Each structure stands twice: as C-alpha cells, then as structure tokens.
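Worksheet: one structure, shown below.
What follows is calculated from the coordinates using simple rules that are stated; it is not laboratory data. These numbers come from a predicted model, not from an experiment. Glycine gets a Cβ as well: all are built from the backbone with ideal geometry, and neighbour counts include every protein chain shown.
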Amino acid sequence: MKIIISGSLGNIGKPLTAQLVKSGHDVTVISSNADRKEAIENLGAKAAIGSVSDADFLSKTFENADAIFAMTPPNMGGVNIIQNTTDAGYAFAKAIQAAKIKRVVMLSSIGADLPTGNGPIAGLYNIEKIYEKLDTSITFLRAGYFYFNFFNDIPMIKGAGIMGANFPVSNRIPLVHPEDIAWAAAEELQKSQEGQNVRYIISDVKTPSEIVKAFGNAISKPELPWVEFTDEQYFEGMTQAGVPEEMAGLYTEMGAGLKNETIAADFLSNDGNIEGKIKLEDFAKEFASKF
C-alpha cells in the first residue's frame, strides 16, 4: 500500500513509520521541517516537506495514495488555536476528497465527542465533524491522555516536591503511550473496511493517586503528593512558566473537563476497552529515566 503519514517523526510518527516500512508499505511522511528529510529517508520512507494547512500541497502529496494517517499538530500557534486546528482539518478534507483517498485514520482524542468544555480537544471535535461528511472509510482513533504530558511535571517535582493539576486525586484518567497509538494506527491503516467508526486507544486507566504512587516509587520519592489546584492557580502556574495565555486557558478548561469526567465519560461508559500494552508501571520507568 501507498500510505501517507502526517505528524513528521514525532512520538507517534516515528514508530508508526518504522512499523509500516517493515511491513513492506510505500510510506511518505509529511513534515514542515526540511531538516527532518534525512531522518525520514533513513527509516526507508519518502519525505514530503510542507504545511498541513496547505490544501494544494496535501492534494499533491496524497495523489495515488491508498491510506492516510491524518494528524494535526497539537499546538497550532499561540492564538486562534481551535480555529487553526479546524482550518487544518478543512485542508486535509479537501485534499482527501480531491485525491479520492479510500482509507483515512484520524488521530483524535477522548473528549472529541464534545463540542465544548474540552480545551484544545474542541478542534478535534470540529475535524471529526468535517470528516464525517467525506465519502470514504474513516476510523476516528481517539487516544487517551498522553503519558508524556507528565514530563511537564518534572520541574514541579524538583522545585516544589509535588505533582498536581486542576483535577482531583480520585478521578479516573484514561492514559495512553504514543507507541500504543502507533500500533493501533498501523493496524487500522492496513484494514479494509467500509463506513466510519470510532476506536479508542487506551493503555491504562488510573487515578492521580495511583499515578503519583507509581512515579514516586520510580524516582525514589514514595511520599510524592498530588495537589489539586484551583483553575486560577493552574492557569497562573502555566503562564508563569511561559505557556501562552490562550493555550493555558485551553489546558485549564481541559483539566476542568477531566475533573467533572465529561471528557472521559464516553470511553468509560460505552467502551472501556483497554487495548494498549504499555501500562503505567512500565511508563514510570521511562519517566524516571527523564527525571
């Protein structure tokens, strides 16, 4: 198959590309960074350098492709983030339609069933709705809360001896490792199916209480506490750390959605199937190696 991968060689794109090349597919990786061309080619794939917001570039790249892994960057600018994400979705949809692509796997998220109250995930909700109008086979691959997000807590642990966010210690959080996403995406891209469906990819479901215990044991800080911040404290902490105000506001809203469990509700109530192989205890070792 001729398969197009967006997302460059990130935490998902790199293992996904390696898997598909190993399986004998003709893989092209889209990257906005020309410096990644050599690394992409070293994996046995072709490089397409351009912007995922450029429908003409995407249409040309998609020509004669059998399947597309559609992933929009998580932070599309410091302002107008939801609109920028949505516009990239329109560009993808236009190119998919022009190239008559038969199989699409879109990287989405838990909470993408909600139009609001989910922070940056609202952009993925919009893209799902755009893609639903396409006459092609689509899997909306809704991923959990990335384990890698917890790397952002390392300075807090080192500086204040705590972990925390604006959701409580008792909430159930569906978690995922990027390698599990890559595995599921590779499986979906190679499927032959009709229509459109939602598939959740979750590696584990844990509470912050269990998360701090796993990380604390891994870094020899067994008493590591989880602190629930107010929305205001959480927002101020991010902006003081240099996060742009609009993005900090979206992350604060996402945390509130995790707190009231609306973001996780669809998965927890209707699916709840944990397919990923990399559990929290496995990732804790990876976390400790970065600490």
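Odds and ends about this structure:
- Separation of alpha-carbon centers, the range 31-48 and the range 228-289, rounded to whole Å: 31 Å
- Label-point separation, Glu132 to Asp231 (7 Å along Cα→Cβ), nm: 2.6 nm
- Once the Cα gyration tensor of the range 82-126 is diagonalised, semi-axes √(5λ) in Å: 22, 12, 6
- Asp54-Phe151 pseudo-label distance in nm [points 7 Å out on the Cα-to-Cβ vector]: 2.8 nm
- Of Lys102/Lys285; Lys158/Lys206; Lys133/Lys279; Lys37/Lys213, those spanning more than 31 Å from alpha-carbon to alpha-carbon: Lys102/Lys285; Lys133/Lys279; Lys37/Lys213
- Normalised by 2.2 N^0.38 Å, where N is the number of residues, the alpha-carbon radius of gyration of the range 162-291 equals 1.19.
- P(r) tail for the range 6-82: Cα pairs beyond 14 Å make up 61% of the total.
- Under the membrane-span-like helix rule (DSSP H runs whose alpha carbons stretch at least 24 Å along the helix axis, mean Kyte-Doolittle hydropathy -0.5 or higher), the chain yields 81-99.
- The chain, helix-only ellipticity at 222 nm - DSSP H runs n ≥ 4, -39,500 (n - 2.57), divided by all residues, nearest 500: -13500 deg cm²/dmol
- Most tightly packed first, judged by the mean number of other beta-carbon atoms within 10 Å of their residues, the peptides 62-69, 183-190, 219-226 read 183-190, 62-69, 219-226.
- Panel values: the range 1-135, Kirkwood radius from alpha carbon pairs, Stokes-Einstein at 20 °C and 1.002 mPa s, translational diffusion coefficient 143 µm²/s.
- Computed over the chain, Cα set: Rg, Dmax in Å: 19.0, 56
- The label-point distance for Glu261 and Asn42, in a model that sets each label 7 Å from Cα toward Cβ, rounds to 4.6 nm.
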